[in-house]
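The structure under discussion appears below in the form of structure tokens.
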Amino acid sequence: VSSYLFCTPAPVMQEQAMAGLAYTAPSAPPLGEPQVIQATLIPGAPGTSGQHRDTDPVEQVRAGLTELGVPLGLASLLAQEDQRIGLRIYLLDNSGSTAAMDGSVAQQGPGGRYTFRSSSRWDEVVALALDHARWNLTIGVPAEFMLLNSPCRENGMPLVEGRDFVHIERGNGMSDSQQVERLSSMLNSNGPRGVTPITARVHEIHQRIRQDFSAMTSSGQFVFLCICTDGMPTTPFSGMSTPTDQQEMCAALRRICTELPVQLVIRLCTDDEATVEFYNKVDEDMELPMDILDDMKGEANEIRKAGNGWFAYTPLLHRIREAGTMCKLVDLLDERKLTEPEIVKLVQLLSNREQPFSSDPARFVEELRTYTSSSAQVFNVATLRMEPFVDFRAIRAALGLSKCSIM
């Protein structure tokens, strides 16, 4: 079942702080009836003032990330990455199939715990967009949110901001809260409709980056394109995905990644086996800078299957992966079992320990035992429990120091 995170305005633990954005999780509406998702800002939350970053942008972003609950090691890495990411673009699938009620939202309760309940796929997409709007405003990365199907727009017509997409950016004359509300208004005015013309929109995004952001790309900055979808590509005029449609989408993705500094994240909002298999095969065959992600619970399960179930997969880490990161270690989590040096590095990133852990496995686990005895617990999506950020017995097994199996 697809899922996405809704953050409530209740007090939150540091690991689960969701950038000051609180959502009121709605009950499921009848199909075809638009559903309004309210977004409110928690007073005093980081990133709500709309002010410019100070003269040390790396330190400013790092400090903001740690306020949001990002561990020190990961916050430092992401703050460095931030200087190389010029833009994030989110292509949001609002095709008719996103009205299906097999999505879910996660609502935060007392003590940082989460519960999941049913929603439509579109509600899941809307929640993702609003959450990532707040995230990008906080860390200072410009972002655009584009509808797959816009009202009153014929294929090939110019994009209109506010109707077809919303651009958010710090210091553009609007407060953060105004920008989030503007995005919320566009999304709540555009429920599921139409087909899945991903290829046509990728062509438009390609042209938009080339024409409007050429200075950014020529300066060595990257664009992350996150495609949130529940289906395979179609033409703008058909609801059936043909082999030709699929080949054309693959060609469009290859072209945008080879001609421009673009990296891809495809966030699937469906459990349909044919769709999941198609995108996984695209990832395997095309060898592009691409990461295919399931929903939060699905990714937690994939990471365990890969042999990396020794750490707690949190909503925060899932959001970071959805936004796109240049850290290849994070991309590997659901692909293969990590090596000993990679395990040590990931633990360093996920901890708040400033002193490096030992590279010797035996010394490392002893240092980790001491550290985890006093570290705060986090919500583990895989077990739906509050736990230490690592499972001590399981990490010993991953390092070959015991016969304990990794669950």
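Quick notes on this structure:
- For region 223-248, a residue qualifies if it is modelled with pLDDT under 95 and over 22 Å from residue 270 (Cβ atoms), and exactly one does: 237.
- Any hit, region 307-319, residues being at pLDDT 95 or above, small (Gly, Ala, Ser) and either in contact with a strand residue (DSSP E or B) (Cβ under 6 Å, 6 or more places away or on another chain) or closer than 23 Å to residue 75 by Cα (or both): yes
- The set of residues from region 143-154 being modelled with pLDDT under 95 and more than 16 Å from residue 188 (Cβ to Cβ) comprises 152, 153, 154.
- Region 246-265, subset polar (S, T, N, Q) and more than 29 Å from residue 123 (Cα to Cα), residue least open to solvent (accessible area, probe 1.4 Å): 258
- Top-ranked residue in region 187-218 [being in a helix (DSSP H, G or I), of a type outside the set (Gly, Ala, Ser) and open to solvent by 40 Å² or more (accessible area, probe 1.4 Å); ranked as nearest to residue 265 (Cα to Cα)]: 203
- Filter result (of a type in the set (Ser, Thr, Tyr), surrounded by fewer than 17 Cβ atoms within 10 Å (Cβ to Cβ) and either more than 29 Å from the chain's Cα centre (by Cα) or not in a loop (DSSP other than H, G, I, E, B) (or both)) within region 354-392: 358, 359, 370, 373, 374
- The listed residue being modelled with pLDDT of 95 or more and either in a strand (DSSP E or B) or crowded, with 18+ Cβ neighbours inside 10 Å (or both), out of 122, 135: 122
- Residue tally, condition more than 17 Å from residue 98 (Cα to Cα), touching a residue at least 60 places away in the same chain (Cβ under 8 Å) and acidic (Asp, Glu), over region 200-253: 0
- Every test in (1) modelled with pLDDT of 95 or more; (2) farther than 19 Å from residue 384 by Cα is passed by residue 304 save one, and that test is (2).
- Being farther than 25 Å from residue 78 by Cα and not β-branched (Val, Ile, Thr) holds for only one residue in 382, 394, 376, and it is 394.
- Residues (open to solvent by less than 30 Å² (accessible area, probe 1.4 Å) and assigned to a loop (DSSP other than H, G, I, E, B)) located in region 327-353: 327, 338, 351
- Reported count of residues in region 225-245, each being among the hydrophobic types (A, V, I, L, M, F, W, C) and open to solvent by less than 40 Å² (accessible area, probe 1.4 Å), is 4.
- In region 138-184, the residue that is farthest from residue 239 (Cα to Cα) out of those that are of a type in the set (Val, Ile, Thr) and in a strand (DSSP E or B) is 168.
- Criterion violated by residue 338 - all others in (1) more than 14 Å from residue 308 (Cα to Cα); (2) at pLDDT 90 or above; (3) in contact with a helix residue (DSSP H, G or I) (Cβ under 9 Å, 6 or more places away or on another chain) satisfied: (1)
- Of everything in region 61-106 that is assigned to a helix (DSSP H, G or I) and at pLDDT 95 or above, the residue that is nearest to the chain's Cα centre (by Cα) is 98.
The values are calculated or read from the model by the stated rules, or taken from the named source; none is laboratory data. In this text the structure is predicted, and so the values were computed from the model without any measurement. Glycine gets a Cβ as well: all are built from the backbone with ideal geometry, and neighbour counts include every protein chain shown. Calculation scope for accessible area: heavy atoms of the full protein, side chains included, ligands and nucleic acids excluded. Shrake-Rupley method; radii C 1.70, N 1.55, O 1.52, S 1.80 Å.
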